[in-house]
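Presented below is the structure to which this report refers.
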Amino acid sequence: MCLILIAHGAHPEFPLVIAANRDEYYQRPTARAAFWQDHPQVLAGRDLECMGTWLGVTRAGRFAALTNFRDPRERKTDAPSRGRLVSNFLLSDREPREYLEEVGMQAQRFNGFNLLAGDSDGVYYVSSREATVQKLSPGIHGLSNHLLDTPWPKVTRGKRRLQAVLAGEPNAERLLDLLHDREPAPAGELPDTGVGADLERVLSPALIVSPQYGTRASTAVLFGGEGSISFTERTILPGGNMGPTVSLRFHLDPR
């Protein structure tokens, strides 16, 4: 996943709002969001190659989400799947800070990553580049393929657009709309992550479209103050065409 926008404690009716795009090669097999048959408490899409996920929630109100840290010079060919970092948290009952502290101590085993985990009461962050766990302050945060709140154009623009959604009546459709922004960044604002200027431009919009790689899913999650979770995932097909949408709503089960 290459863009996560998160509003924590920024709206009186929705203590936690998440809008996120997952970017991946089109050939990588993926299951759409659903409650997992082998772990019915988990709601998430699933990477069918390594059986992890990029973003998910549980019936008890836990959530976790992941982006890759983009640095092709440090890629390990034998590293374990980063998607397991998300699913392992969702399948556990570990406190978020404790879990992320353990992940931080093992970070060098993996290719670069950013990991968010928590619930509507608190959200925590750790990166393979900065192993110290950080609790997010109330407000709006953005994460792409660098550190939390690094002002890449898609992050800055996404945070601004999320603020506008929160100023009105937040809903899944408005969150998905902001994730479908295809405008590339101006040349002078492109980051330099070692992939070359042409590819940096292709990767710079919120919604990425290219022949082999692009945005595969957009997800909107709203945690309601009354103990409900609304989870909506829209599949993005090759070419940037809109595919099926899965929309589920449930009330928390603390067991």
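Every number in this text was worked out from the coordinates using simple rules, so none of it is lab data. Bear in mind that the values here come from a model prediction, so they are computed numbers and not experimental data. Methodologically, a virtual Cβ is constructed for each residue, glycine included, from the backbone with ideal geometry; neighbour enumeration extends over all protein chains shown.
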Once the piece of chain linking GLU13 and PHE35 is laid out straight, how much longer is it, given 0.36 nm per residue of separation minus the C-alpha distance between them?
5.4 nm
Regarding the chain, what whole-number volume in Å³ per residue does the convex hull of its Cα atoms give?
117
What's the local net charge at VAL165, with K and R +1, D and E -1, over the other residues with C-beta under 12 Å away?
+1
Could you please report the charge total around ASN114, scoring K, R as +1 and D, E as -1 over all other residues with beta-carbon less than 13 angstrom from its beta-carbon?
0
R0 of 22 Å, Cβ-Cβ distance MET242-ALA60: FRET efficiency to nearest 0.05
0.10
The chain, Gaussian network, Cα under 10 Å: of ALA131, ALA44, ALA197, the residue fluctuating most is ALA197
Between ARG249 and GLN212, the two model label points (7 Å from Cα along the beta-carbon direction) sit apart by a distance in nm of 4.3
In the range 57-154, which GluC sites (Glu not before Pro) fall in coil by DSSP and have 15 or fewer other Cβ atoms within 10 Å?
GLU130
If the reach is capped at under 27 angstrom between alpha carbons, list the lysines near LYS76, excluding any in the same chain fewer than eight residues apart.
LYS154
Relative to the present Cα-Cα distance, how much length would full extension add between ASP198 and ARG28 at 0.36 nm per residue of separation?
58.9 nm
In whole Å, how far is the Cα centre of the range 34-74 from that of the range 154-233?
18
Label-zone membership for the range 111-148, site GLN163, 7 angstrom Cα→C-beta point, backbone N under 11 Å
140-141
Full-stretch length increase - ARG182, ARG109 - with 0.36 nm per residue and alpha-carbon distance subtracted:
22.9 nm
List the chymotrypsin sites (Phe, Trp or Tyr not before Pro) within the range 12-75 that fall in a DSSP loop (any state other than H, G, I, E or B) and whose Cβ has at most 16 other Cβ atoms within 10 Å.
TYR26
Check each of the GluC sites (Glu not before Pro) in the range 174-255 and keep only those in coil by DSSP with at most 16 other C-beta atoms within 10 angstrom; list them in order.
GLU226
Quote the relative contact order of the range 3-246 in percent (integer), defining contacts as alpha-carbon pairs under 8 Å separated by 6+ residues.
23
Taking r as the C-beta separation of GLU189 and ASP93 and R0 as 35 Å, the FRET efficiency to the nearest 0.05 is 0.25
About the Cα centre of the chain, what is the dipole size in debye to 20, counting +1 per Lys and Arg Cβ and -1 per Asp and Glu Cβ, all else neutral?
300
Using a Gaussian network for the chain with springs between C-alpha atoms less than 10 Å apart, which of these wobbles most: HIS141, HIS39, HIS180?
HIS39
